[in-house]
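Accompanying notes for the structure given below.
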Amino acid sequence: MKRGFIAIALVTLGMLSYALHQAMVGAPMERTMGEVQRIFYYHVPSAWVAFLCFFVNFLASIWYLVKRSVKPDAIALACAEVGVVFCTIVLITGPLWAKPVWGIWWTWDARLTSTLVLWLIYISYLILRKYSSGGQTPVIAAALAIFGFVDVPLVYMSIRWFRTQHPQPVIGGGEGSGIHPGMFSALMWNFAAFTLFAAVLIYLRYRLEVVQQQVETAYADRALARDVRGAR
């Protein structure tokens, strides 16, 4: 397992390096926006990874409510943490791209506002997991995660349902939404690299959470045993 993980980590590093080269050198410069458009190759894959993480968190939360076991709870927490990281990247790179193109850092349109709400929901999830010590915390967190995931399709569809400042999708956006082959290749490489990178992070965080929960369970069992012996 250790050798396999090291091999996957090295492949991930290689893919991230090649994807960086594709984004900065391989892809042609966009004629209207210029070099700042290259943020696109990080902004869009980060959004994809965040959505994917929140989707897995949604499934794991349902799984936990059904089985009440450590594994789905640990998966849900790991995915939420990694998803928040990538959602934060989206919220940072978006304004960095918007300022030179739109002339403003932020506007309260449907896409941007719903993305910020999504980030706040999962930040709330992590705060609940971190600072609540009640026995029902995982159950409440799972319910919050299931509720929070409703915002993901809203974020994705907002530019189709509402008139927004945010540009229309360049892939799957209908007629006139084509993309240059070189740009498409760079985007796909970053999609793949970011997805694999997120998977590595989730796996590491999952393993850490499982060990932490096992240690906490062992301490709780030991304390219970001492109380039982003391009662005798």
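No value in this document is a laboratory result; all are computed from the given coordinates. Quick caveat: nothing in here was measured; it's all calculated off a predicted structure. Reconstructed Cβ throughout: ideal geometry from the backbone, glycine too, with neighbour counts over all protein chains shown.
The table for this structure:
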item: Estimated FRET transfer efficiency when R0 is 45 angstrom, pair Val117-Arg3 (beta carbons, to 0.05); result: 0.60
item: Tilt relative to the chain, helix 2-21 - C-alpha long axis, 0 to 90 degrees, to 10; result: 20
item: Potential extension, Tyr219-Ile127 segment - 0.36 nm per residue separation minus Cα distance; result: 30.8 nm
item: The chain: relative contact order as a whole-number percent, Cα under 8 Å and 6+ apart; result: 30
item: Whole-number D in µm² s⁻¹ for the chain, Kirkwood Cα-pair radius fed into Stokes-Einstein, 25 °C, 0.890 mPa s; result: 124
item: Linear extension gain, Ile140 paired with Trp102, 0.36 nm per residue minus alpha-carbon span; result: 9.6 nm
item: Convex hull volume per residue in cubic angstrom - Cα atoms of the stretch 63-148; result: 91
item: Sorted peptide list for 50-57, 154-161, criterion being average Cβ within 10 angstrom, highest first; result: 50-57, 154-161
item: Packing-based order for 112-120, 95-103, using average beta carbon neighbours within 10 Å, highest first; result: 112-120, 95-103
item: Ala27 long-range amide H proximity, modeled H, under 5 Å; result: none
item: Ordering of 137-150, 8-21 by burial proxy (mean other Cβ atoms within 10 Å per residue, highest first); result: 137-150, 8-21
item: In Hz, Karplus ³J(HN,Hα) per residue of the stretch 119-127 (6.51, -1.76, 1.60; θ = phi - 60°; x = Gly, Pro); result: 4, 5, 4, 7, 5, 4, 4, 5, 5
item: Charge dipole (debye, nearest 20) of the chain; +1 at Cβ of Lys and Arg, -1 at Cβ of Asp and Glu; result: 700
item: In degrees, nearest ten, helix 40-67 long axis to first principal axis of the chain (Cα); result: 30
